[in-house]
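Structure, as structure tokens:
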Amino acid sequence: MELKDAAVAMLTADYFEESEVLFPYYRLLGTVGRVAVATPGGAPVKGKGGFGPFAAHTGFADLQASEYNAVLVPGGFAPDLVRRSPEALEFLREMDRTGKPIAMICHGAWVAVSAGILDGRCITSVPFIRPEVEGAGAKWVDEPVMVDGNLVTSRVPNDLDAWMNGFLEVLSGVRGDD
């Protein structure tokens with residue numbers, strides 16, 4: 001896929017980790033055709049450190065998997081709010097069913113746990129949620145970036161560059177399983 005033609009949805013909510021939203025958002029703005037920030041009600045959100053309001057483009061209820069080539073789930077405490085949305089979970093499930101790239105960092109994997117898409121997969125995340133990840137049937141590894149099919153995962157803000165490089169390689173079709 002030509003990256004300039006790609007549309008990426010970013011699922012977030014209040015209490016997001018600022019670096020895990022801002023770094024990929026601006027990196028994607030300069031790389032892909034469209035980045036849509038989706039929040040629970042389509043309203044602006046604030047970061048856990050007080051940054052914001054950060055504008056949203058759409059609400060979870062308006063997401064259609066057919067309109068996006070990939071989805072990105074940043075961390076912080078926002079994923080705990082994102083995973084409470086049936087619409088966000090169904091969107092993630094549909095993206096996974098169709099093999100579209102799903103990038104998650106830090107606590108972002110909580111959303112995949114709740115969506116039930118981790119069984120038999122190999123991922124990484126912030127170590128604190130390792131028990132939930134393994135309880136969902138995934139193998140957890142301690143690596144800066146892990147690619148398992150369409151899933152691209154990372155641990156913490158120090159891994160942002162590796163995470164985004166891996167995600168863009170998967171999105172462009174350059175990289176598959178590690």
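The values are calculated or read from the model by the stated rules, or taken from the named source; none is laboratory data. None of these values were measured; they are calculated from a predicted model. All Cβ positions, glycine included, derive from the backbone under ideal geometry; neighbour counts span all protein chains shown.
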Q: Could you tell me whether any residue of the stretch 24-45 is farther than 20 Å from residue 168 by Cβ, of a type in the set (D, E, K, R) and either in a strand (DSSP E or B) or at pLDDT 95 or above (or both)?
A: no
Q) Which one of these does residue 49 not meet: (1) touching a helix residue (DSSP H, G or I) at 6+ places or on another chain (Cβ under 7 Å); (2) surrounded by 18 or more Cβ atoms within 10 Å (Cβ to Cβ); (3) over 17 Å from residue 91 (Cα atoms); (4) free of Cβ contacts under 8 Å to residues at least 40 places away in the same chain? A) (2)
**Q.** Sole exception among (1) of a type outside the set (D, E, K, R); (2) in contact with a Gly (Cβ under 9 Å, 6 or more places away or on another chain); (3) farther than 22 Å from residue 173 by Cβ for residue 99, by number
**A.** (3)
Q. With (1) more than 24 Å from residue 80 (Cβ to Cβ); (2) in contact (Cβ under 8 Å) with a residue 24 or more places away in the chain; (3) touching a Lys or Arg at 6+ places or on another chain (Cβ under 9 Å) as the list, and residue 173 as the residue in question, which single condition is left unmet?
A. (3)
Q: Output the qualifying pairs, or none if there are none: Cβ atoms under 7 angstrom, residues six or more apart or on different chains, first residue in the stretch 13-36 and touching a residue at least 12 places away in the same chain (Cβ under 8 Å) and within 17 Å of residue 106 (Cβ to Cβ), second residue of a type in the set (S, T, N, Q) and assigned to a loop (DSSP other than H, G, I, E, B).
A: 21/12
(Q) Taking the conditions exactly as written (on the phi < 0 side of the Ramachandran plot and crowded, with 21+ Cβ neighbours inside 10 Å), does residue 38 satisfy them or not? (A) yes
Q. Just one of 143, 169 is farther than 24 Å from residue 65 by Cβ and either surrounded by fewer than 21 Cβ atoms within 10 Å (Cβ to Cβ) or among the small types (Gly, Ala, Ser) (or both); which is it?
A. 143
Q | Selection within the stretch 52-66 - closer than 27 Å to residue 172 by Cβ and either touching a residue at least 40 places away in the same chain (Cβ under 8 Å) or surrounded by 15 or more Cβ atoms within 10 Å (Cβ to Cβ) (or both) | A | 54, 56, 58, 60, 63, 65
**Q.** Hey, residue 9 over 27 Å from residue 169 (Cβ atoms), hydrophobic (A, V, I, L, M, F, W, C) and either surrounded by 20 or more Cβ atoms within 10 Å (Cβ to Cβ) or at pLDDT 95 or above (or both) or not
**A.** no
Q) What are the residue pairs meeting all of these: first residue in the stretch 80-95, first residue closer than 18 Å to residue 132 by Cβ and free of Cβ contacts under 8 Å to residues at least 60 places away in the same chain, second residue part of a helix (DSSP H, G or I) and among the hydroxyl-bearing types (Ser, Thr, Tyr), Cβ atoms under 6 Å, and 6 or more apart or on different chains? A) 83/114; 89/114
(Q) Checking the conditions here, which among 50, 99 is part of a loop (DSSP other than H, G, I, E, B) and under 13 Å from residue 16 (Cβ atoms)? (A) 50
